[in-house]
Amino acid sequence: MAALKALLLALCLPVLACGIETSPGVGGGRQGVRAPEFTLPDLLGNKISLADHRGRPVIIDFWATWCAPCVQQIPVLNAFQAAHYGEVAVLGIAVDSRGIDTVAPFATEYGIQYPVLLGDESLAQEYGAFGFPSLYVIAPDGSIAANHVGVITEEELEAALTSAVARGNAEGG
């Protein structure tokens with residue numbers, strides 16, 4: 001058990017040390033390219049599409065219930081959602097293979113206040129997310145404005161939002 005904990009810690013430390021990636025190709029970044037489209041069910045069975053939010057910034061957080069850093073990110077995203085309600089969409093995409101039976105109780109237990117969608121690792125990989133949590137800031141024009149691997153701070157998220165809005169305004173979005 002101690003060896004397993006040591007291995008998990010060794011795998012998580014590099015992820016926790018990462019920051020906002022702003023150069024294409026860095027950390028799987030795809031800034032400036034169109035974000036892959038998706039339509040996924042939420043925890044109530046409603047279908048949510050990325051296209052539903054075109055014209056405003058979207059925060060997409062790929063996460064899993066087994067990911068300890070993902071738990072640390074929840075309060076940051078809850079606060080961000082509350083501060084920007086109606087102007088920015090925050091979407092958590094759970095990649096757990098056990099689906100709603102695992103994700104729904106977790107979301108309740110940890111008080112997730114933004115929409116949780118049921119996705120999978122293949123969608124995360126389309127975005128270039130190979131570690132969790134992986135967060136993507138989508139500009140109003142639908143392009144990827146920034147990405148972040150690991151726990152993001154409120155300040156980093158605000159800076160990424162500012163960049164996404166500026167990109168959307170420059171593109172006429």
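The values are calculated or read from the model by the stated rules, or taken from the named source; none is laboratory data. Keep in mind that what you see is a predicted model, and the values were worked out from it rather than measured. When the accessible area is computed, the model is the full protein with side chains, heavy atoms only, and any ligands, DNA or RNA have been set aside. Shrake-Rupley method; radii C 1.70, N 1.55, O 1.52, S 1.80 Å.
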>> What does the C-alpha gyration tensor say about the overall shape of segment 32-136? Classify as rounded when a/c is under 1.5, otherwise prolate if a/b is larger than b/c, or oblate.
In response: rounded
> Quick one: length gained pulling Thr153 to Ala68 fully straight, 0.36 nm per residue minus the C-alpha distance?
Replying inline: 29.0 nm
> Can you work out ³J(HN,Hα) from phi for every residue in segment 104-115, in order, using Karplus 6.51 cos²θ - 1.76 cosθ + 1.60 and θ = phi - 60°, giving whole Hz and x for Gly and Pro?
Replying inline: 4, x, 4, 4, 5, 4, 9, x, 5, 9, 10, x
> If you stretched the chain out fully between Ala166 and Ala83, how much longer would it get, using 0.36 nm times the residue separation minus the C-alpha to C-alpha distance?
Replying inline: 28.0 nm
>> At 1.4 Å probe radius, can you tell me the per residue accessible area of segment 55-112 in Å²?
In response: 42
>> Can you list residues from other chains, or at least 5 along the same chain, whose modelled amide H is less than 5 Å from the amide H of Ile93?
In response: Asp61, Phe62, Trp63, Leu117
